[in-house]
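Take a look at the structure below.
Bear in mind these aren't lab numbers, they're just calculated from the coordinates by the rules spelled out. Just so we're clear, the structure is a prediction, and the values are computed from it rather than from any experiment. Here the Cβ positions follow ideal geometry from the backbone for every residue, glycine too, while neighbour counts run over all protein chains shown.
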Amino acid sequence: MGINPDLVGHIYPAGASYQVGREKIREFATATKASSPAHFDVQAAQALGYADLVAPPTFVIIIAQRADAQLIADPASGIDFSRVVHADQRFTHHRPIVAGDELLAELYVDQIREMGAGAMITTRAEITTVSGEKVATTTSSLLVRAGD
Amino acid sequence: MIKFSSLEKGQVIGSKTVTVNRGDLVRYAGASGDFNPIHYSERFATEVELPSVIAHGMFTMGAVVDLVGAWVGNPGAIVDYQTRFTKPVVVEDPAGSNPSDAEGTAIEVEGKIGALDEEAQTARVDLTVTANGTKVLMKCQAVVQL
């Protein structure tokens with residue numbers, strides 16, 4: 001099995017905050033072929049009631065995967081990144097993310113299951129503003145395929 | 001703006017095709033920060049027993065939900081979005097083409113109203129996502145606040 005089962009229940013505290021920038025929203029929206037002008041044009045976003053450009057629905061994966069990277073880099077986890085396959089993903093938005101937000105991600109290791117010779121690890125990132133407002137909860141399961 | 005009362009379970013909200021070529025994967029890697037080489041190096045991908053370079057699951061998940069955001073007219077109205085990644089989307093690098101201009105792999109997406117919650121005024125849109133005739137995402141569901 002490729003993952004240390006003792007990690008269940010472990011919490012990785014939030015690292016440095018993530019500043020959501022207009023250009024990053026534009027870049028991510030372009031990269032995911034998003035069509036809404038509210039990702040590109042501040043006036044279009046304001047017309048929908050947002051203070052600034054609104055992030056696409058999966059934008060927060062940037063922050064969640066930075067949090068996951070702590071786990072993958074942790075020598076205690078035993079995870080070989082080259083054998084990781086993304087199995088499932090969920091985003092729950094407590095409120096939309098807009099340019100100017102400064103966000104933190106706290107990572108919880110919720111579950112580890114053996115899957116044949118490999119293992120499935122489920123993590124949850126709780127995304128908040130630096131002042132503690134809940135913004136999003138992301139859950140992802142990674143399948144670590146057995147090595148040779 | 002879409003009225004909750006006008007919606008019915010099973011109603012098709014629309015469909016579209018998203019294409020993905022190797023250039024798109026490089027762009028997504030840079031934008032997302034996910035630089036796993038299985039998404040750009042064919043040599044590496046095949047050495048770890050994948051058929052070829054595959055798209056980031058998160059590229060596909062991110063691209064297909066545009067159908068829902070465009071339908072509701074507000075991408076920030078998507079309050080919950082989930083999927084399972086069941087099959088990889090293989091992205092080839094055809095000889096004689098510029099990888100950024102290649103036609104790429106076609107990802108087909110269709111959205112249907114899967115559930116309505118009158119109390120919460122939310123609609124769940126279930127997305128059927130296929131590439132090369134195979135379902136690549138399962139339980140792909142976006143909940144929209146109306």
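Observations
- Sites matching GluC sites (Glu not before Pro) across the stretch B:73-146 that sit in DSSP coil, with at most 11 neighbouring C-beta atoms within 10 Å: B:103, B:118, B:119
- Note on the protein assembly as shown: with charges restricted to the Cβ of Lys and Arg (+1) and Asp and Glu (-1), its dipole about the Cα centre is near 400 debye.
- Close amide H pairs (under 5 Å, H built 1.01 Å from N) link residue A:118 with A:146, residues at least 5 positions away or on another chain.
- Relative to one another, the C-alpha centroids of the stretch B:88-146 and the stretch B:27-79 are positioned 11 Å apart.
- Against the main long axis of the alpha-carbon atoms of chain A, helix A:61-73 sits at an angle near 20°.
- Shielding by other protein chains, B:55-64, mean Cβ within 10 Å: 5
- Listed by chain and number, the lysines whose C-alpha is less than 19 Å from the C-alpha of residue B:135, apart from same-chain residues fewer than 8 away, are B:16, B:87, B:112.
- Cα convex hull of the protein assembly as shown - mean projected area over all directions, nm²: 15.7
- Using alpha-carbon coordinates, inclination of helix B:22-32 to the longest axis of chain B, degrees: 60
- Taking Cα atoms only, the orientation of helix A:22-31 departs from the longest principal axis of chain A by about 60 degrees.
- Once the chain from residue B:9 to residue B:86 is taken as fully extended at 0.36 nm per residue, the excess over their C-alpha distance is 25.2 nm.
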